[in-house]
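The values are calculated or read from the model by the stated rules, or taken from the named source; none is laboratory data. Just so you know, these numbers come straight off a predicted model, no measurement behind them. Don't worry about glycine lacking a Cβ; one is built from the backbone with ideal geometry, like all the others, and counts go over all protein chains shown. Please note that ligands, DNA and RNA were not included when accessible areas were found on the heavy atoms of the full protein model with its side chains. Shrake-Rupley method; radii C 1.70, N 1.55, O 1.52, S 1.80 Å.
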Amino acid sequence: MDEKKLINQNIIIENREKITISGVTDVHSFDDEIVLAQTDLGILTIKGDDLKMNKLNLDNNELIVEGKI
């Protein structure tokens, strides 16, 4: 029987200008309007304007995106 390990994932949005996401394992694509990130819990789509990847640390599974979210 397969047992799934419980995984915590946090998504913090600050003033719709900055989003911090934990549990990120990869970023499939990004541009100034959309970011597609693979997380432990599945694909996460972030939409907005003037998006910039401020930080991507796959060792700590953390992604920070800034812009108009």
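Here log10 I(q)/I(0) by the Debye sum over Cα atoms at q = 0.11, 0.19, 0.21, 0.29 Å⁻¹ was computed from the coordinates, and among [x] -0.25, -0.68, -0.81, -1.41; [y] -0.26, -0.74, -0.88, -1.38; [z] -0.22, -0.68, -0.83, -1.55 the match is [x].
Using a probe of 1.4 angstrom, how much of the accessible area of the chain is carbon and sulfur, in percent? That share works out to 45 percent. Computed from phi, the 3J(HN,Hα) profile of segment 43-54 under the Karplus parametrisation 6.51, -1.76, 1.60 (θ = phi - 60°) reads 6, 10, 9, 10, 10, x, 10, 6, 6, 9, 6, 7 Hz, with x in place of Gly and Pro.
So, in segment 5-69, how many Lys pairs have Cα atoms under 16 Å apart, if the pair is 8 or more places apart or on different chains? It would help to have the intermediate numbers written out before the result.
Values: 18/47; 18/52; 18/55; 18/68; 47/68; 52/68.
Final tally of qualifying lysine pairs is 6.
Close amide-amide hydrogen proximity is noted between residue 62 and 24, 57, each under 5 Å apart and 5 or more residues distant or on a separate chain (H modeled in the peptide plane; Pro and chain starts excluded). Among residues other than residue 52 with Cβ under 9 Å from its Cβ, the summed charge is -3 (Lys and Arg +1, Asp and Glu -1). Remark: the chain carries 74 Å² of accessible area per residue (probe radius 1.4 Å; ligands, DNA and RNA excluded).
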